[in-house]
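> My questions will all concern the structure given below.
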Amino acid sequence: MDIRTLTIKEFGKSLKNKKFSAEEVVDVYIKNAREDEVTRPFITLCDASAREEARRVDEYVNKGADIHPLAGVPLAIKDNILIEGVRTTAGSKILDSYVGSYDATVVKKIKEAHGIILGKTNLDEFAMGSSNENSAFFSTKNPHDPTRVPGGSSGGSAAAVAGNFALGSLGSDTGGSIREPASFCGVVGLKPTYGSVSRFGLIALASSLDQIGPFGKTVEDAAIIFDAIKGHDAHDATSKRGEYAPASLYDEDRVKTRTLGIPKEYFEEKMDKDVAREVEGAIDVFRKKGFSIKEISLPHTKYAVSVYYVIMTAEASSNLARFDGVRYGRNSEKNTLWDIYKETRGRGFGDEVKRRVLLGTFVLSSGYYDAYYLKAQKVRKLIADDFENAFSENGGGVDAILAPVVPTKAFKVGEKISDPIAMYLSDIFTIPANFAGLPAVSLPVKKYPLGGELPVGFQIIGKPFHEKDIMNLGMWYERETEGKK
Ligand code: GLN
């Protein structure tokens, strides 16, 4: 049995049946990560704490105790999520030597479930990017083809799962950073409803858009992780109260009654022919099995990227103001406050971060605020209203939306790095769900073995807090296409 290719469910069964010990598993994964010189998903490995936790899990298993589905499961965490005592860089030189002083709520929950955190994964600096090439350290490569990007910004977390460096992982999604790399790497990535997973301990990019979410090899795996990390948290004022059904619980009868919407605007955008064909093929699977499918209109989609680069940069410029060399950031030998700022921010931030801080400061400055920031907020509302209309009884009346994730497959390393606009356009289909705060999952159209064809994902977008619907639809699709019942 290859421990590295199991699903979380299969893993749990084998662990309980003592086919292997959690400690053996950690050894296999750590050795593998250390030997790898190609994909490089990790910035930091947590060997010692991973082994310690594994020994604890083995004790529970030996005692025959009831264990959580994530117990002993080797997981990877994006390096913009804090773990107490572990280096947390956000992919930036400015936080090169920063060590987390507390556990993010999601980390606390994973630790309570006795999941094993193997390490921290690479990302574009402060989660700004779509290719991982904006990491200040090195760029992670796509396990399907190392000449290609894994996507971003959670490229390390997606590549970790796709390349069998972890069974599951966490990323963050502000404008597509979970779903785009999931699509490029052929894994499942869920951006949960805004407010369903605590952002406490996530280094913020744009706080009104950021959400932490899981990656898995299957929809069920991603749902198991989501169920473990979701829930209200007093430390995050935007997190919502209320319990809702576990997303990993499959309910075939309910799935079959869902009405699905296809947004026509998403198919009018320029898309690679191969991508369009594969996504349409996925939609056909639902159509052929009798799902009710309707064409819907999300007419303001075309403004999403422009509006995103106003709102996200405005929020990023204010969130990143704290990295000033005084409390956070590199130490400076300079004496005046201005010189300290200039040195730390000038040397510590990369080009993309500087570009966004400048843009964000500009759109918020007096005289421009109304013309850019306020206007963008109004258009954001129109984009969110498009979805509300599609979901409402008097409008489209659909329960979920099927759509492409990215207009292309994974592109070549270096292909878009000198053309920020081309890079920004990768997010056209993912940003709208962030604006509307909706849950959206990217799942592969089919199984893509490593070394074969490049993967393509498609997206299922749901109503707020209806993760169960979209994950169940995803599970239905996997069962249908893989012949598993
Ligand atoms: N690629 C987008 C960006 O560069 C999305 C980032 C994200 O979701 N963190 O901003």
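FYI, it's all coordinate maths here, none of it is from the lab. Computed from a predicted model, the values in this text were never measured in an experiment. All Cβ positions, glycine included, derive from the backbone under ideal geometry; neighbour counts span all protein chains shown.
> For LYS18 and PHE267, compute 0.36 nm times the residue count separating them, minus their Cα-Cα distance, and round to one decimal in nm.
Taking LYS18 through PHE267 to full extension adds about 84.7 nm, to one decimal.
> Run through segment 1-36 and list the trypsin sites (Lys or Arg not before Pro) located in a DSSP loop whose Cβ has at most 15 other Cβ atoms within 10 Å.
Passing both the DSSP loop test and the Cβ count: LYS18, LYS19.
> Then there is this: Read phi for every residue in segment 307-314 and hand back ³J(HN,Hα) as whole Hz from Karplus 6.51 cos²θ - 1.76 cosθ + 1.60, θ = phi - 60°, with x for Gly and Pro.
Each residue of segment 307-314 in turn: 5, 4, 6, 9, 5, 5, 5, 4 Hz.
> First measure r as the distance between the Cβ atoms of ASP253 and LEU374, then evaluate 1/(1 + (r/R0)^6) with R0 = 51 Å and state the FRET efficiency to the nearest 0.05.
After rounding to 0.05, the efficiency reads 0.65.
> Modelling each spin label as a point 7 Å along the Cα-to-Cβ direction, I'd like the LYS9/LYS342 distance in nm, to one decimal.
About 6.1 nm, to one decimal.
> Now for a separate question. I want the local charge near SER97. Using Cβ-Cβ distances under 11 Å, sum +1 for each Lys or Arg and -1 for each Asp or Glu among the other residues. Don't jump to the answer; show the numbers that get you there.
Values: positive: ARG87, LYS93, ARG330; negative: ASP96.
Residues close to SER97 contribute a combined charge of +2.
> Along segment 331-343, what does the Karplus equation 6.51 cos²θ - 1.76 cosθ + 1.60 (θ = phi - 60°) give for ³J(HN,Hα), rounded to whole Hz, x for Gly and Pro?
6, 10, 8, 5, 9, 8, 4, 4, 5, 5, 4, 4, 5
> Over all pairs of distinct alpha carbons, what does the Kirkwood formula give as the hydrodynamic radius of segment 153-274, in Å?
15.7 Å
> Still on this structure, please answer the following. Ranked from highest to lowest mean number of other Cβ atoms within 10 Å per residue, what is the order of the peptides 178-184, 444-450?
178-184, 444-450
> OK, next. How high is the FRET efficiency from GLU243 to GLU393, r the C-beta distance, R0 35 Å, rounded to 0.05?
E(calc), rounded to 0.05, equals 0.90.
> Taking a point 7 angstrom from the Cα of GLU35 along the C-beta vector, which residues in segment 102-129 have backbone N less than 20 Å away?
Output list for this probe position: 118-119.
> Once you put a point 7 Å from the Cα of TYR102 and another 7 Å from the Cα of GLU59, both along the Cβ direction, what distance in nm separates them?
2.7 nm
> What net charge is computed for the residues neighbouring ASP324, neighbours being all others with C-beta under 11 Å from the C-beta of ASP324, Lys and Arg scored +1, Asp and Glu -1? Don't jump to the answer; show the numbers that get you there.
On the way: positive: ARG322, ARG327, ARG330, LYS342, ARG345; negative: GLU343.
With Lys, Arg at +1 and Asp, Glu at -1, the neighbours total +4.
> Next question, about the same structure. List the GluC sites (Glu not before Pro) within segment 1-106 that DSSP assigns to loop and that have no more than 13 neighbouring Cβ atoms inside 10 Å.
Filter output for segment 1-106: GLU37.
> Given segment 1-127, report the % of alpha carbon pairs whose separation exceeds 18 Å. Please report the intermediate quantities before stating the final value.
Values: 4235 of 8001 pairs.
For segment 1-127, the share of Cα pairs beyond 18 Å comes to 53 percent.
> Classify segment 288-359: rounded, prolate or oblate, from the alpha-carbon gyration tensor (a ≥ b ≥ c, eigenvalue square roots; a/c under 1.5 rounded; otherwise prolate if a/b is larger than b/c)?
prolate
> Label points 7 Å out from Cα along the Cβ direction at ASP66 and ASP419: separation in nm?
5.7 nm
> Using just the Cα positions, wrap the chain in a convex hull and report its mean projected area in square nanometres, one decimal place.
Reported value for the Cα convex hull: 22.3 nm².
> Give me the net charge of ASP124's neighbourhood, meaning all other residues with Cβ under 13 Å from the Cβ of ASP124; Lys, Arg count +1, Asp, Glu -1.
Neighbour charge sum, excluding ASP124 itself: -4.
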